[in-house]
Every structure is written in C-alpha cells, then in structure tokens.
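The values are calculated or read from the model by the stated rules, or taken from the named source; none is laboratory data. On a predicted model such as this, the values are computed, not experimentally measured, just so you know. Positions of Cβ are backbone-derived with ideal geometry, glycine not excepted, and every protein chain shown enters the neighbour counts. Please note that ligands, DNA and RNA were not included when accessible areas were found on the heavy atoms of the full protein model with its side chains. Shrake-Rupley method; radii C 1.70, N 1.55, O 1.52, S 1.80 Å.
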Amino acid sequence: MEKQWEEMTADEKQEVQFQKLLSPKDPEGNDIKFQSTEAEAAYKASITRIKDAIQLKKTPDRIPVTILPSMFPYIDAGMTVEEAMYDYDKCAAAFKKFMLEFKPDMNIGASAPGPGKFYEILGYKLYKWPGHGVPPEHSYQCVEGEYMKPEEYDLLLMDPSFYFRNFYLPRVFGALEGFTMLPPLTGILEMYGLAFNFIPYALPPVQGTFKALFEAGAEALKWAMVMGGSDLELKSLGFPNILGGFTKAPFDVIGDTLRGTRGIMMDMYRQPDKLLKAVEALLPIMIGMGIGSMQQTGNPLIFMPLHKGADGFLSDEQFEKFYWPTFKAVMMGLIEGGCIPFPALEGHWGSRLKVIQDVPKGKTAWMVDQTDMAEAKKTLGKNACLIGNVPSSMLGLATPDEVIAYCKKLIDTAGKDGGYIMSNGAFFDGAKAENVKAMVDTAKEYGVYK
Amino acid sequence: MAGKLGQLLSDLKEPEALAFVDQALGKGTAAEELLEETKEGMNIVGERFAKGEYFIPDLVFSGEILRGIVQKLEPKLKAGTGKEAKRLGKVVVGTVAGDIHDIGKDLVVFMLDVSGFEVTDLGIDVPAQKFVDAIKETGSTVVGLSGFLTLAFDSMKETVDAIQKAGLRDKVKIMIGGGQIDDQVKSYTGADAFGKDAMEAVKLTKGWIGG
C-alpha cells in the first residue's frame, strides 16, 4: 500500500514533489498537452537537471540556468513598468517573449509586476509604484516606516491575526480603515450576546472597507486568470515553473515592514525579550505560509528573501540570538512539510556562512548575491545547492565577453561536481539583453558536465 | 580617555547615560562640558565601527542615545555654542532620482556627521539639478550619491553629467554607494570612487578633504 503524505519522510515527500512536477497537470487535473515532443523533452530535462542540482546526489547533465528578474522582461520588451502593472495581457506577452528569447531551465512566472489597479483600489501605502510616487519606468519600492509601534508587541503576541487586521493593515492600506472598528472573531461564542459582535458591520466605514475588498478580490482574480493562463502556456512550451510562493525569516517580518530597520534595531537593546517572543510567535505562521502556498500552487520551491541578517546589519552574537534560530526553524518546518526552501542571501553574507551551512543536505537552494562564491561553495555548498552570483552591474554594464569569462569561472568554482544553478545574483530591472543571453549560453555550452 | 558620559555613551548604556546627564546638570555641570564628552563618546563609537567591533545596530542605537542626551542639553546651551564648532568640510548627500531607499544613505550621513563633517542631506528621489543647486549654495567639495536599484545607475550618471555641465565637476569629488554598486558602476557613472559601507564613505571624504 502506498504511504500517506503525513507518514512520509522529508526525503520521500521531496521525491513525490519532483515526480508530480514531471507530469504537470492543468487546474482541472488533466495532463498538460505539450506543444511538441521537443517541448516535453526540454521540460522534463530541465526538471531533472534542477532536481539533481538541488538534491546533491548526482551531477546533472549540465549546469541548469535560470533568470530571476524583477522588471527586466518588461523593460526589454519596450514597455514601462507602469504598463506591465496595468495591462495584464501585455505583461504576460512580454514575459512569454522573454522566456522564448532566453530559454532558461526555469520559469518564475510573470507575476512580479503585480496588478496595479488592485493596489489602487486598496490605497496601498507600504509601497510606491509607477504613477504613485515613482516614475512610469521605475520599479515599485517599499516605504520604510514604523508601522508597528514599539509598545505594541503584547498586542501582536496575544493574537497576531487580530493585530494585523485591526492595527497593521489599516496603516498600510488606506481603504482598510474600517477594520479598526471590528471586534475580535473569538468573541463569537454563543447565542446570547451574539448579535453585538455583528453591529460594526452595519457602519458605513466598515461597509466601505468590505466594498473595497470585493473590488480588490475581483481585480486580483482577473489578474490571476491571465497569470495562470500564461503559466500553463509556458509549461506547454517546455518551461517548468517550480516556484510555489514565498515566506520570510521571522526577524525580517518584523524588521522589514512592522517595526522597520531602525525600530527593530532599537528593540534588540530596549526590549530584547519581547522581540524574541515575537519571532517565536511568527515561526509557525511563516512555516504555514510556505506550506500553504505549496499546496495552492503544487510547486515546492519556497522563496525566502533575506534582509536584516546580512553582513554588518547584526553582530555575530545578535545574528545567532535573534535571526538564525527562527530562520533555521522555518526552513526545517518547510522541509518537513515537503517544501524546498529557497532563501536569497541579498547583499553580502560572507560572515554568516559558517553558521548557515548547518542545514540538512540536499533540501535547500540558496540565491547568492555578492557573497564570495568560492567561500560559499566550501561551506554552505557542501549541504545546499547555490544559485546565482552573476552581478547586476555586470549584466547592465559589461560586455558579453566579460560576462562569459565571469560565468565560466563560476562554473569552475561553484559548479564543480554539481550543486549549482547559474543565475543572476539579485533581482534586476535594467540589463543588456546580450549579456543576459551570454549568461544563459555559457551555462548551456561550457556548463555541460563531462 | 573619555569622561564618564563618553564611556557610557560609547558602551551603549542608554538609561545610565541619560541618568548621568540629569545628575550632572543637577549638580551644575556646564552643558557645554557634557556635550564635549558626548562628542568624545561618539568618536569612540565611530572607531569601534571602523575596527569591526561595532555593527550597524550599534551605530543606530548610539545615534538614538545621542539624540536623547542632546535633547536634555539643548535648553541649557548658551546660544551659538556647541552646534557648529569646527567642521572639517562640507558634503552633500542624497539618494538619486527615481530611488526612494534611505537606510544606507542615512548611515552615511550619520557617520560623516559624527566624524566632523557638515552634511547637507537632500533626502531621497533627488533630481540631478537639486544636487547642482546644493553644491552651489553650500560650497561643498564632496558629493555622495546613493542608490539601491539597478535603474539608479543611470540616475547617478545623469547627476554626474549635470554637475559636469554646470561647470562644477573639477570643484567636487563624487562618491557613490548602494546595494549593487561596484567598480564597474563607478566607471559607468563617471564618479571618482565607490564605497561599500558608511565607513568607506568617511575614509574617502577624509582622504579628499583631510581631517
């Protein structure tokens, strides 16, 4: 009898995930019809290549290559970022053109620009985007702030969902002001007193908020239909998407968008115990977020953009006390749940390698930005697949020959005996197409294992 | 060797440092004297950061303690003292057009300030012309351009070009910094140097201005 999912080991779950990826289905559960036998062969070869690179059990046939862009595909297609955010069909068409032009082994989908109108409906204040604080040709950017006040840790700890709904969300979404008037859902217990819980839903600000939610939901769905169609088409053309969603290290959840960089730094000195309790409280939530997206998309790779743990942002002692324990625990929880954590070491992380190399072998894949790749290979690379390290400055400003030389060196060091996926190291907007092509071609030609 | 307040500040002992200021003021110690000790304390913080003993959170927290101390001292300072003593030179800093990232830029401003430079902080998303105007108005001889995005490479280049066009290029040294900035970007933009962190910005500025 076949083992139930819950009874499987992490190894078995990962294997099942890859087997499922090898026979992709449409949303109705039917096998995807590939557009040609070549497309089907390319799709399966890419998955196998990526699987071998991640599992570290055997050397792939060649170095897999992926491109992890921010707005590059849309800018390269001659669009502004604003167009890519507001015209969903044009956005998907540009992404398809990008995939067909560069033919990487992996497709991360056209969802990076996101639905512009949706953010408008919600009055999103956490980011500025084209037409809303940044020029049409630039990418969206986060507005740093103390969206959670220093004295609000107890509120967050008591009930994170209540805190998010009644305090945090109304601060970052203008249209969600009505949430501040809602009572906790946990007050809904018995018949006596029941109706009191529902009175706020009659108030105009609350109704206004719900109206915005319905509109935003409809817009998100409209966008998701286009994205889903695009994903299906790209799969049928031979480009697998194994990216399942994202989650974060608990310290970054607080440091990025709740307390902000400055706020969390103050908290490490002024209220370290509350900060530690908060990262602990966020741990199961962040694990659930990753596993939930994997279940929704069927894709096991869970992206984790890492920020405040970079070199210099914390002392070694602070890193090991505040950042690493819950970051590692999120990864372990994801692995147990059948996901493949995909953390991105944004910036420099050289001083952290000796700590973060302590992960189970063949279960994670790390995007490396500017950390020395030879050092990363010697440490983290013993246990994990490394992705990236082609610098954004090089893709934007160098000559193709310089890119080729750099990529060959990467293949010789990071790619030795497998465990490496060629890619850019940081999400990028502007770049020369010939340089991106040089990166892909070098992996496909020079990166063949003999 | 710093005085007691300088020590408390440089060891990041916030409640103790603030209590010490209250006590000292109560006993009639001159605010000017305490401000001098505070400066010594900040110099020690800067040195420890340069040596790799302190990290960004230590810097940011020392700035927060400093703010608390200055708030207590300010009402007691005689007009005109303390504020602008001897400054080593003038620097203009800002995040270039189209980019709204401020963390790295703020750290550079802070470190230049505690290192004794007079810094004009133009903020974020700063158009090239505003840099040109600020150089003219302040007579600054060093300009720091910050940018996190790859699209900032072009904004930096445009800013350097605008400074050139205004006839100011040989009057200023230009340094750049930010997430993806390296030697290649430096050459592309026409800047004089790039730095990977706030300490390098101080080193470059000291090299150009002296001090």
- line: Filtering the range A:182-200 down to residues that are outside any loop (DSSP other than H, G, I, E, B) and surrounded by fewer than 13 Cβ atoms within 10 Å (Cβ to Cβ) yields A:185, A:186, A:187, A:194, A:195, A:196, A:198, A:199
message: Suppose we filter A:164, A:214 for residues that are free of Cβ contacts under 8 Å to residues at least 24 places away in the same chain, in a helix (DSSP H, G or I) and closer than 30 Å to residue A:276 by Cβ; which single one remains?
response: A:164
message: Looking at the range B:62-88, I want the residues that are at pLDDT 90 or above and have a partner that is among the acidic types (Asp, Glu) and open to solvent by less than 60 Å² (accessible area, probe 1.4 Å) with Cβ atoms under 7 Å, at least 6 apart or on another chain. Which pairs are those?
response: B:65/B:14
message: Looking for something within 12 Å of chain B (Cβ to nearest Cβ), closer than 27 Å to residue A:158 by Cβ and in contact with a strand residue (DSSP E or B) (Cβ under 7 Å, 6 or more places away or on another chain) - is there at least one such residue anywhere in the range A:283-303?
response: no
- prompt: Within the range B:175-198, can you find the residues that are assigned to a helix (DSSP H, G or I) and either open to solvent by less than 30 Å² (accessible area, probe 1.4 Å) or without any contact (Cβ under 8 Å) to a residue 24 or more places away in the chain (or both)?
  reply: B:183, B:184, B:185, B:186, B:187, B:189, B:198
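Let's see how each residue does on (1) hydroxyl-bearing (Ser, Thr, Tyr); (2) modelled with pLDDT of 95 or more:
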site: A:298; (1), (2): no, no
site: A:314; (1), (2): no, yes
site: A:333; (1), (2): no, yes
site: A:351; (1), (2): yes, yes
site: A:362; (1), (2): no, yes
site: A:373; (1), (2): no, yes
- prompt: Got a sec? Which helices (runs of 4 or more DSSP H) wholly within the range B:1-53 have at least 2 residues that are modelled with pLDDT of 95 or more and open to solvent by less than 20 Å² (accessible area, probe 1.4 Å)?
  reply: B:4-10, B:14-26
query: What single numbered condition from (1) farther than 17 Å from residue A:238 by Cα; (2) assigned to a helix (DSSP H, G or I); (3) open to solvent by 10 Å² or more (accessible area, probe 1.4 Å) fails to hold for residue A:58?
result: (2)
field: Pick from the range B:95-114, criterion farther than 13 Å from residue B:201 by Cβ and outside any loop (DSSP other than H, G, I, E, B), ranking: most open to solvent (accessible area, probe 1.4 Å)
entry: B:103
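Yes/no matrix, rows are residues, columns are (1) in a strand (DSSP E or B); (2) of a type in the set (A, V, I, L, M, F, W, C); (3) surrounded by fewer than 21 Cβ atoms within 10 Å (Cβ to Cβ); (4) within 17 Å of the chain's Cα centre (by Cα):
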residue	(1), (2), (3), (4)
A:327	no, yes, no, yes
A:330	no, yes, no, yes
A:343	yes, no, no, yes
A:348	no, no, yes, no
A:353	no, yes, yes, no
A:359	no, yes, yes, no
A:366	yes, yes, no, yes
A:376	no, yes, no, no
A:381	no, no, no, no
- line: Taking the range B:135-165 and the residues there that are among the hydrophobic types (A, V, I, L, M, F, W, C) and within 16 Å of the chain's Cα centre (by Cα), the one that is farthest from residue B:97 (Cα to Cα) would be B:142
task: Please work out if residue A:179 is surrounded by 19 or more Cβ atoms within 10 Å (Cβ to Cβ), of a type in the set (Phe, Trp, Tyr) and in a helix (DSSP H, G or I).
output: yes
query: For the subset of the range A:237-259 comprising residues that are open to solvent by 10 Å² or more (accessible area, probe 1.4 Å) and of a type in the set (S, T, N, Q), which member is nearest to residue A:23 (Cα to Cα)?
result: A:241
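Residues are listed down the side, and each one gets a yes or a no for (1) free of Cβ contacts under 8 Å to residues at least 24 places away in the same chain; (2) closer than 13 Å to residue A:365 by Cα; (3) of a type in the set (Asp, Glu):
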site	(1), (2), (3)
A:391	no, no, no
A:398	no, no, no
A:408	no, no, no
A:411	no, no, no
A:417	no, no, yes
A:420	no, yes, no
A:428	no, no, no
A:435	no, no, no
A:440	no, no, no
task: Find the residue count for the range A:141-160, including only residues that are in contact with a helix residue (DSSP H, G or I) (Cβ under 8 Å, 6 or more places away or on another chain) and part of a helix (DSSP H, G or I).
output: 8
query: For the range A:120-132, does any single residue satisfy the condition of being part of a helix (DSSP H, G or I), closer than 30 Å to residue B:153 by Cβ, modelled with pLDDT of 95 or more and more than 14 Å from every other protein chain (Cβ to nearest Cβ)?
result: yes
- request: Please determine, by comparing only the residues of the range B:134-174 that are open to solvent by less than 10 Å² (accessible area, probe 1.4 Å) and assigned to a strand (DSSP E or B), which one is farthest from the other protein chains (Cβ to nearest Cβ).
  value: B:142
